[in-house]
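One structure is given here, and the rest of the page talks about it.
The values are calculated or read from the model by the stated rules, or taken from the named source; none is laboratory data. Everything numeric here is computed off the predicted structure, so don't read it as measured data. Cβ placement follows ideal geometry from the backbone for every residue including glycine, while neighbour counts extend to all protein chains displayed. For the accessible areas, the whole protein counts, side chains as well, though only heavy atoms, and no ligand, DNA or RNA atoms are used. Shrake-Rupley method; radii C 1.70, N 1.55, O 1.52, S 1.80 Å.
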Amino acid sequence: MSLFPLLDPLLPLVKAPAQYIGGEMNSVVKDHAKVAVKVALAFPDTYKIGMSHLGLQILYGLVNREPDMLAERVFAPWSDMEARMRGAGVPLFSLETKTPVRAFDILGFSLQYELSFTNVINMLDLAGIPLRSADRGPDDPLIIAGGSCTFQPEPIAVFLDICVLGDGEERLMELAKAVAELKGKFRSRRDYCRELVKRVPNLYAPNLYDVEYAMDGRLASITPNCDEAPLFVQRASVSNFETSFFPTHPIVPAVECVHERINLEVMRGCPHACRFCQAGMIKLPVRARSVETLVKYALETYHATGYDEIALTSLSTADYPHLEELMARLKQEFDGKKVGISLPSLRVNERIRSIPGILNTIRKAGFTMAPEAGTERMRKVIHKLIKDDDLYAAATAAYREGWDVIKVYYMIGLPHEEDADIDATCEAILKTSRCARESTNRDGELNVTVSPFVPKAHTPFQWEPMASPERFKDIRTRMHNRIRSKKIHLKVHDPERAYVEGVVSRGDRRLAPMLVEAVKSGCTFDAWDECFSYKRWLDIFARCGIDQAKHNFRERPDDEVFAWDHLDGGPPKRTLLRSRVKAETLAEAYTA
Ligand code: SF4
């Protein structure tokens, strides 16, 4: 059933209507009557953001290559479109066939950011699907989720039927096959989930776990309430990354997106284990594709899309073992085709010194480095073991090779950070800009983004408190006082959004009613500056009895039971704790 007749009159009334139309190059339309299982792949943000996400393109391609399955896309409609849809009684629909998403067998959300949780709830509501798993019946789609936030999904656990933990490629296909066979057979959603977790590994069905709380309000335990649910849910890892599916025919967006390029995933996982970094933990082990395979994928994707940029993506592309060889091969293959090669933000290492030279042989794209901290002391504390010499050598090389502007990322409010560390960070920023003098006799343009540290699940810093508002204010003033160069564009993010993220990142199921209340109060698209209102969140916290200080400023004891202890997020908890203790020891041993 297509909603297009209802939708059509709304489109001229909203901004960027093309994002709701579908029909893009490489999108796939199949007959719903001829497949055994229908999957709606949902991204809880706009088309512009979701279409840039490689994971969505991978799963879309994988499902649609099966003759008896189909996948369509769903994005969160922007507020103007949502208001029109609600006014006209149009439920959330898929882009390809304008089918209501509640008519699919599976509705799968990609969870990449905690502040998109409210969008998930809002999308379920707009779809007319009961919000809570326990209230769903045999005709409702199975609501599943994948992505990094499924390693700590507890604040929205009651709204999800199943989380796929880890690499989704193989598990989604097994799950889809099981759903094709089992859909509609269970009156109870709980029984449906029991059968699914019995058949498919690496699935977490929150409603199969009971949560208990201690008298002091802390979490006491999360334990399975049936035989099928494992005590500890292991994460999935694709059996062979080299040969795992790569979308060589990705959908080419109809409207301008964040990234319009070939996302060539060269490596999965990161070898460095920085203590603040959740991605570095949950994506282990490190796996790299061969140059031969990557060049083949790049050529096929280029011919299928016409993109003129290839981004070599991974968590730490500077560590890809065959980087020089890959760049050389790509240069050879794309010679004369005006195709640029870009790298995401780079970890600083010895090799980074030569990267500007290699990159420049093809075409210039952005050059971004992520030193994160300005002193050796802090780098030891966070386990980002980079050298100043490498940073400055890379900056010097980038300016020399003709980059007008380079970009660096830092973090503030880190555990054990002192004023002297901040001062040294400022000095490092000034010195990086001065690296341009060697080739231009002037300071170089430098974009500096400084973000507040938010402790994340499954990291050695999961026990740590966040810095206070006063501390962030001091740091901000300190940095602005010290960095006055017109060439340096310093952006120090406010901690407000980080505080909301902090509450949700380490929260448990008791946050669910608060998140529903937040949606009712208009808190959606909170990653967007124009939508985020800290005041609104503070009102909701107050109304729902959420003590932000307890969530964000409490140092957790070693024996704290976390809401994610039953989920396999990489290194065991005892290893994380040892690493945290080591950070403390290092902080004391070194002076800033
Ligand atoms: S190098 Fe980057 S991706 Fe790797 S662990 Fe450190 S911060 Fe995370």
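Taking 27 Å as the limit for the C-alpha separation, the pairs Lys331/Lys456; Lys296/Lys338; Lys98/Lys296 exceed it in the case of Lys331/Lys456; Lys98/Lys296. Applying 1/(1 + (r/R0)^6) with r as the Cβ-Cβ distance of Ala83 and Glu555 and R0 = 35 angstrom yields a FRET efficiency of 0.20. Given a 1.4 Å probe and the protein chains as shown, Asp216 ends up with an accessible area of around 90 Å². Note that region 493-592 presents 47 Å² accessible area per residue, ligands and nucleic acids not counted, probe 1.4 Å. Rounded to the nearest 20 debye, the dipole size of the chain about its Cα centre is 520 debye, using +1 on the Cβ of Lys and Arg and -1 on the Cβ of Asp and Glu.
Look at the alpha carbon pairs under 8 Å that are at least 6 residues apart: their mean separation over the length of region 4-224 gives a relative contact order of 17 percent. With the simple model of a label 7 Å out from the Cα in the direction of the Cβ, His272 to Lys486 spans 3.4 nm. Loop-located trypsin sites (Lys or Arg not before Pro) across region 76-108 with a Cβ neighbour count of 12 or fewer within 10 Å are lacking, with loop assigned by DSSP. When nucleic acids and ligands are ignored and a 1.4 Å probe is applied, Thr305 ends up with an accessible area of around 20 Å². What area, in nm² and to one decimal, does the C-alpha convex hull of region 1-76 cast on average over all directions? In nm², the orientation-averaged hull projection of region 1-76 is 5.5.
Pairs of Cα atoms in region 183-287 fall into 5 Å distance bins, from 0 up to the last occupied one, in shares of 2, 9, 12, 11, 13, 15, 15, 12, 7, 3, 1 percent.
Charge dipole of region 439-592 (Cα centre as origin; +1 on each Lys and Arg Cβ, -1 on each Asp and Glu Cβ, all else neutral): 420 debye, rounded to the nearest 20.
Dipole of region 507-569 computed with +1 at Lys/Arg Cβ and -1 at Asp/Glu Cβ about the Cα centre; of Phe553, Ala527, Phe541, farthest Cα towards the positive end is Phe541. Non-local amide H neighbours of Ala145 (under 5 Å, H modeled in plane, Pro and chain starts lacking H): which ones? Under 5 Å from the amide H of Ala145: Phe109, Ile162, Cys163, Val164.
Met123 exposes around 0 Å² of accessible area when a 1.4 Å probe is run over every protein chain in place. A cut-off of 5 Å between modelled amide H atoms, ignoring neighbours fewer than 5 places along the same chain, links His489 with Leu446, Asn447, Val448. For region 186-207 versus region 32-48, the inter-centroid distance based on Cα atoms is 21 Å. Between the alpha-carbon centres of region 563-592 and region 284-303 there is a gap of 34 Å. Legend: P(r) of region 4-224 from all alpha carbon pair distances, 5 Å bins from 0, whole percents, reading 1, 7, 15, 19, 20, 17, 10, 6, 3, 1, 1, 0. With contributions of -39500 (n - 2.57) from each DSSP H run of at least four residues, the per-residue ellipticity at 222 nm computed over the chain stands at -10500 deg cm²/dmol.
What the phi angles of region 328-337 give under the Karplus curve with 6.51, -1.76 and 1.60, with θ = phi - 60°, is a coupling list of 4, 5, 5, 4, 4, 5, 9, 4, x, 9 Hz, glycine and proline written as x.
When a 1.4 Å probe is rolled over the protein heavy atoms, the share of accessible surface on region 4-224 that falls to carbon and sulfur comes to 54 percent.
Relative to the Cα centre, what is the charge dipole magnitude of region 158-285, using +1 at the beta carbon of each Lys and Arg, -1 at the beta carbon of each Asp and Glu, and rounding to the nearest 20 debye?
160
In the chain, with Lys and Arg counted as +1 and Asp and Glu as -1 at Cβ, which of these residues, Asn225, Gly507, Tyr590, has the Cα nearest the positive end of the dipole, that is, farthest along it? Going by the Cα projections, it comes out as Tyr590.
Among beta bridges identified by DSSP and lying wholly in the chain, the antiparallel ones come to about 20 percent. Sparse packing (at most 16 other Cβ atoms within 10 Å of the Cβ) combined with a DSSP loop state is found for the following trypsin sites (Lys or Arg not before Pro) in region 518-592: Arg554.
If R0 is taken as 35 Å, the Cβ-Cβ distance between Leu231 and Asp68 corresponds to a FRET efficiency of 0.50.
Of all the C-alpha pairs in the chain, what % are more than 42 Å from each other?
Result: 22 percent of Cα pairs exceed 42 Å.
Think of the chain as a dipole: +1 on every Lys or Arg Cβ, -1 on every Asp or Glu Cβ, centred on the Cα centre; then among Leu107, Phe151, Val295, Val295 lies furthest on the positive end.
Using R0 = 35 Å, the C-beta based FRET efficiency linking Asp389 and Ser290 works out to 0.65.
Mean sequence separation of contacting Cα pairs (under 8 Å, at least six apart), scaled by the length of the chain, corresponds to a relative contact order of 13 percent. The Cα center of region 392-465 and the Cα center of region 86-115 differ in position by 40 Å.
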